[in-house]
Amino acid sequence: MDHFEYRDRKLFCEDVPVSELAETYGTPLYVYSEKVLVQKLKEIQTAFAPANPTICYSVKANGNVSICRLMGQHGAGFDVTSGGEFFRALKAGPAGSKIVFAGVGKTDAEIRYALDQGVFLFDVESEQELLTIGEIAKSMGRKAAVALRVNPDLPPKTHVKTDTSVKGVKFGLDIETVVDVARGVVGHPGLAVVGLHMHLGSPILKVEPYKQGCAKGITLIKALRELGHDIRYLNMGGGFGINYRKDEAQPASAFAAVILPAVKEIGCQLVLEPGRFIVGNAAILVSRVVFTKSTGGKHYVIQDAAMNDLIRPTLYGSFHRLWPVQPAADVPVEPDVNGDPDDPNPFRAMANCFNQDVVGPVCESGDFLAKDRPLPTLKRGDLLATFSAGAYGMAMASNYNSRLRAAEVLVTGSTHRLIRRRETFKDLVACEEDCLT
Ligand code: LLP
């Protein structure tokens, strides 16, 4: 994996041994590679360069302010979905002028806040929301720039919980209704309908949905322009998939190959909202084995990261590669040695490998990071790395079971620095303390 590699039976992030980070900062620990973060953003910037796109990093994938700041420093704007994410984006960059604001339930206070901060575009998800934004903007003596979010009604393309462009989900305007809704606000004093937005779902491993989405988008933009709306932006959202198992992901250039011609044809400024593609493979979650045990015919590795740290396996049944940080034998160079294309686990071919469930300390049977995973024998104190944990890892972490949220560290070459300190017991009760009677 880029910039996470074994040297001499030791896992490194860039030029730092992961074990050193675990000693310094403790576990569970999110370890990010700055090189991967910047490379993945650059990959998108380069692939889409002919359209000079506005790339709005999706804060929901990972809102750490230092990571957002890095994105801003390398030319990204931000895609946000709440007042809180807006606040994070503002902390990361100088102004709201490159912030797009999506989400089905923006409150009046959030709308006002965004307008006050000079939001670039609202991605509008319903007629009521559109009219509300119009009213609020008018009352502030402003004209809100909006992109209508369409649900383009495409076939299923990813996990049912994260597919946002099939019929029957809460997102966007039904494709049949977009033109009527837009007709209703022609000449509205508080609204400038300047864009069309769609986010197809996440993660998407094929380019075909983008091709289909673009085709539907072109037809809609023409119809909106006929109504007199000056449509200047086509926002194709995020969703580009990453390698969780092996090399299943498409490069950014493959998505560019289907999106760029559409943008050219319709003469719009392209906006993109990638999150996972940039940050997903930029981090591992490092944990330490607390105990091992065999029970009910299964072998368990109980380590100190849990579903509150990384909920994706529990919530979506997601697969994350999970390897020892310091394996007792060389990790085979060629991972796909076992003939199972869905689980190219190099340890399957190694001596002493057997199926193990990697679980955490949370009081739920659904608390696991990996199930029936071929791993070598592990013992108390061993370190584990869960890969591809940068997106929707820390962002979805919670304090369930009153567990302290993990620390985050950013590695740059041979240096490293804390970008979020580990929580303390005091942090846990901070919001309750003033309310004690
Ligand atoms: N734009 C909008 C409007 C979105 O709703 C999302 C993600 C993105 C952009 C960024 O998508 P990305 O490029 O990161 O795929 N928790 C789930 C993923 C939820 C995605 C929500 N929306 C997971 O862990 O897989």
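Quick notes on this one:
- Given (1) hydroxyl-bearing (Ser, Thr, Tyr); (2) within 16 Å of the ligand (Cβ to nearest atom); (3) out of contact with any Leu (no Cβ under 7 Å at 6 or more places or on another chain); (4) modelled with pLDDT of 95 or more, index of the condition residue 233 fails: (3)
- One residue stands out among those in the range 42-79 that are touching a Gly at 6+ places or on another chain (Cβ under 8 Å) and aliphatic (A, V, I, L, M): the one that is farthest from residue 383 (Cα to Cα), which is 55.
- Members of the range 115-140 that are farther than 14 Å from residue 192 by Cα and crowded, with 21+ Cβ neighbours inside 10 Å: 125
- The strands (runs of 3 or more DSSP E) found wholly in the range 364-437 and carrying at least 1 residues that are within 25 Å of residue 273 (Cα to Cα) and not charged (D, E, K, R) occupy 407-412, 415-420.
- For the range 71-83, the set of residues classified as within 18 Å of residue 419 (Cβ to Cβ), assigned to a helix (DSSP H, G or I) and away from the ligand (no atom under 15 Å from the Cβ) consists of 72, 73, listed by residue number.
- Given (1) within 16 Å of the ligand (Cβ to nearest atom); (2) out of contact with any strand residue (DSSP E or B) (no Cβ under 7 Å at 6 or more places or on another chain), number of the condition residue 226 does not satisfy: (1)
- Of residues in the range 174-203 being in contact with an Asp or Glu (Cβ under 7 Å, 6 or more places away or on another chain) and part of a strand (DSSP E or B), the one farthest from the ligand (Cβ to nearest atom): 194
- In the range 216-258, the qualifying residues are those that are assigned to a strand (DSSP E or B) and over 19 Å from the mean Cα position of the chain (by Cα), and the one that is surrounded by the most Cβ atoms within 10 Å (Cβ to Cβ) is 234.
- Looking only at the range 1-22, and only at residues there that are touching a residue at least 12 places away in the same chain (Cβ under 8 Å) and assigned to a loop (DSSP other than H, G, I, E, B), the one that is farthest from the chain's Cα centre (by Cα): 9
- If the condition is being touching a residue at least 60 places away in the same chain (Cβ under 8 Å) and in a loop (DSSP other than H, G, I, E, B), then the range 318-332 contributes 318, 319, 320, 321, 325, 326, 327, 328, 329, 330, 331.
- If you go through the range 53-70 and keep only what is away from the ligand (no atom under 12 Å from the Cβ) and touching a Leu at 6+ places or on another chain (Cβ under 8 Å), you end up with 53, 54, 66, 67, 70.
- Residues that are within 14 Å of the ligand (Cβ to nearest atom), of a type in the set (Gly, Ala, Ser) and part of a strand (DSSP E or B) within the range 265-297 comprise just one, 283.
- Given (1) part of a helix (DSSP H, G or I); (2) closer than 30 Å to residue 246 by Cα, number of the condition residue 31 does not satisfy: (1)
- Identity of the residue in the range 104-152, part of a loop (DSSP other than H, G, I, E, B) and in contact (Cβ under 8 Å) with a residue 40 or more places away in the chain, that ends up farthest from residue 232 (Cα to Cα): 104
- Annotation for the range 133-145: no member residue is of a type outside the set (Gly, Ala, Ser) and either within 16 Å of the ligand (Cβ to nearest atom) or under 21 Å from residue 41 (Cα atoms) (or both).
- Residue in the range 86-95 that is under 26 Å from residue 176 (Cα atoms), in the same structural domain as residue 171 (by TED's automatic domain parsing) and out of contact with any His (no Cβ under 6 Å at 6 or more places or on another chain) present: no
- Among the residues of the range 23-36, some residue qualifies, meaning at least one is over 30 Å from residue 380 (Cβ atoms), away from the ligand (no atom under 16 Å from the Cβ) and either in contact (Cβ under 8 Å) with a residue 60 or more places away in the chain or buried (at least 22 other Cβ atoms within 10 Å of the Cβ) (or both).
The values are calculated or read from the model by the stated rules, or taken from the named source; none is laboratory data. Predicted model only: the values in this text are computed from it and were never measured. Cβ: placed from backbone, ideal geometry, glycine included. Neighbour counts: every protein chain shown.
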